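The values are calculated or read from the model by the stated rules, or taken from the named source; none is laboratory data. Since we're looking at a predicted model, the values are computed, not measured. Every residue, glycine as well, gets a Cβ built from its backbone with ideal geometry; the counts of neighbours run over all protein chains shown.
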Amino acid sequence: MTDAPRRYHITTFGCQMNKADSERMAGILEEMGFQWSDTPDQAELILYNTCTIRDNAEQKVYSYLGRQARRKHEQPDLTLIVAGCVAQQEGEALLRRVPELDLVMGPQHANRLQELLEQVFNGNQIAATEPVHIFEDITKPRRDSTVTAWVNVIYGCNERCTYCVVPNVRGVEQSRSPEAIRAEMEELGRQGFKEVTLLGQNIDAYGRDLPGSTADGRHLHTLTDLLYFVHDVPGIERIRFATSHPRYFTERLIRACAELPKVCEHFHIPFQSGNNDILKAMSRGYTRERYLRIIDTVRRYMPDASISADAIVGFPGETEAQFEDTMQLVEAIGFDQLNTAAYSPRPGTPAALWDNQLSEDVKSDRLQRLNHLVSIKAAERSQRYHGRVEEVLIEQQNSKDPQQVMGRTRGNRLTFCTGAIAELQGKLLPVRITDIRAFSLTGERVDQPPTIESVHLAGAGVD
Ligand code: SAH
Ligand code: SF4
Ligand code: F3S
């Protein structure tokens with residue numbers, strides 16, 4: 001490979017799963033001798049790791065691609081790759097649409113990047129989208145942070161929510177073994193990482209494809225068991241996990257989170273809609289009442305827990321009254337954060353074919369009203385932090401103010417305080433919260449660690 005290109009750039013769209021895949025693909029490229037380039041225009045290998053969850057995410061890719069495809073006419077040794085979910089969805093059609101592309105590769109093929117690139121350098125144009133068993137990756141990811149890290153625990157999704165492309169593009173569920181997950185976390189601990197987020201599209205499904213069951217018929221490997229299994233990894237101080245599905249979220253899991261000190265009191269549990277008929281049409285497999293019960297149970301065990309979620313407005317057939325049920329649920333629960341989206345019909349999903357689609361005007365009006373409510377509720381939730389001493393894990397410098405560093409509370413609130421990153425990066429600092437905004441906080445360093453009393457006293461006045 002003497003004449004192989006040397007600099008690479010990866011642009012990542014979409015969710016945490018894609019971010020984790022990009023870090024692994026970057027690791028593979030560096031192992032092959034490529035060097036990171038900050039700007040795509042100076043790179044000889046460009047990889048777009050794409051998302052197709054909504055139409056606007058997909059369209060973004062085509063506009064980026066067009067520019068690089070034109071560049072390839074002047075620079076024929078440019079290597080152009082589309083990876084991720086658009087690659088999986090479009091497959092060979094993408095090679096026909098953008099003939100300048102060298103490689104189209106679905107998410108299940110991320111670990112095979114080296115082998116696929118060798119075929120490209122031998123003069124082939126390739127679409128790798130057939131379903132495969134995902135092998136353990138032996139190369140080291142090039143991680144964006146030195147403090148927090150993603151660790152995949154389950155790939156794919158076996159649900160069939162009627163609006164969602166993920167099962168089509170990410171394939172069936174494949175859990176990694178608890179030993180492989182623990183080994184990755186131990187390595188992270190040795191390297192000085194402090195926080196791990198365990199990842200899966202439907203993380204509560206972890207282990208159901210692994211062999212073995214207990215005497216009472218339960219799967220031997222569940223997310224709860226995994227948390228107990230990895231909890232004492234040396235060096236790792238905080239553990240998070242995402243994304244949870246209300247259908248499988250158990251009290252046993254909630255109890256484990258309350259019991260295990262490293263597991264942070266933050267839960268991302270998308271509800272999608274507050275109306276039972278819409279939930280049914282979405283094939284979500286739970287009711288509004290069950291969702292409310294889950295949140296009640298979480299708060300019974302951990303009164304201060306942060307709750308975030310995803311919601312869709314304007315699903316086919318959603319009436320104004322059904323939308324109001326979503327608003328009312330948001331009002332009642334008071335989320336710390338909510339990702340909202342207008343429904344977008346996706347290829348290959350059942351709901352896209354229904355004839356009761358709503359107009360873009362109705363969808364965007366509902367989205368605006370929901371977003372307005374979300375920021376009011378998030379600001380209310382932020383209030384409980386005022387005056388409290390929170391444990392903040394310092395990640396980076398504040399990009400807008402070099403005098404400040406930024407980190408997160410255990411509840412996942414972005415927090416800023418004065419300090420030098422060289423001294424504080426990776427430290428768990430007690431910070432007294434002085435300024436409150438809807439989605440972030442500012443505070444000052446204090447000497448004493450946060451006490452249980454101060455947390456409870458401050459929390460008591462709010463809920
Ligand atoms: N596995 C997670 C979410 C995966 S996709 C879950 O089950 O909740 C991330 C979010 O994108 C979803 O929670 C949903 O709110 C949103 N989403 C998915 N498909 C969508 C579509 N067709 N239109 C609008 N939003 C969508
Ligand atoms: Fe999509 Fe539903 Fe799977 Fe989540 S659980 S990834 S929304 S199909
Ligand atoms: Fe997007 Fe694929 Fe994630 S469609 S949201 S990048 S699983």
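From the set of residues in the stretch 157-190 that are of a type in the set (K, R) and within 16 Å of ligand 3 (Cβ to nearest atom), which is farthest from R284 (Cα to Cα)? Let's see the steps before the verdict.
Going through the stretch 157-190, the residues of a type in the set (K, R) turn out to be 160, 170, 176, 182, 190.
Next, from what is left, pick out any that are within 16 Å of ligand 3 (Cβ to nearest atom): 160, 170.
Values: R160: 8, R170: 18 Å.
Per the stated criteria, the residue is R170.
Residues in the stretch 288-308 that are in a helix (DSSP H, G or I) and crowded, with 19+ Cβ neighbours inside 10 Å: R288, Y291, I294, I295, V298. With respect to (1) closer than 30 Å to S145 by Cβ; (2) buried (at least 17 other Cβ atoms within 10 Å of the Cβ); (3) within 16 Å of ligand 3 (Cβ to nearest atom), the lone exception for R381 is condition (3).
Scanning the stretch 1-48 for residues that are more than 16 Å from ligand 1 (Cβ to nearest atom) and of a type in the set (S, T, N, Q) returns T2, T11, S22, Q35, S37, T39, Q42.
Here is a yes/no grid of residues against (1) assigned by TED's automatic domain parsing to the domain that holds I46; (2) surrounded by fewer than 17 Cβ atoms within 10 Å (Cβ to Cβ); (3) of a type in the set (D, E):
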site	(1), (2), (3)
G106	yes, no, no
A110	yes, no, no
E118	yes, yes, yes
N122	yes, yes, no
D137	no, no, yes
K140	no, yes, no
R143	no, no, no
Y155	no, no, no
Y163	no, no, no
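The condition of being touching a Cys at 6+ places or on another chain (Cβ under 8 Å), at pLDDT 95 or above and away from ligand 3 (no atom under 16 Å from the Cβ) holds for V392. Whether any residue in the stretch 309-320 is part of a helix (DSSP H, G or I) and touching a Gly at 6+ places or on another chain (Cβ under 9 Å) is what I want to check. Checking the stretch 309-320: not a single residue is part of a helix (DSSP H, G or I) and touching a Gly at 6+ places or on another chain (Cβ under 9 Å).
Considering E187, E159, the condition of being crowded, with 17+ Cβ neighbours inside 10 Å, among the acidic types (D, E) and assigned by TED's automatic domain parsing to the domain that holds L220 is satisfied by E159 alone. Going residue by residue through the stretch 185-200, is there one that turns out to be away from ligand 2 (no atom under 16 Å from the Cβ), in contact (Cβ under 8 Å) with a residue 40 or more places away in the chain, outside any helix (DSSP H, G or I) and over 19 Å from the mean Cα position of the chain (by Cα)? Yes, because at least one residue in the stretch 185-200 is away from ligand 2 (no atom under 16 Å from the Cβ), in contact (Cβ under 8 Å) with a residue 40 or more places away in the chain, outside any helix (DSSP H, G or I) and over 19 Å from the mean Cα position of the chain (by Cα).
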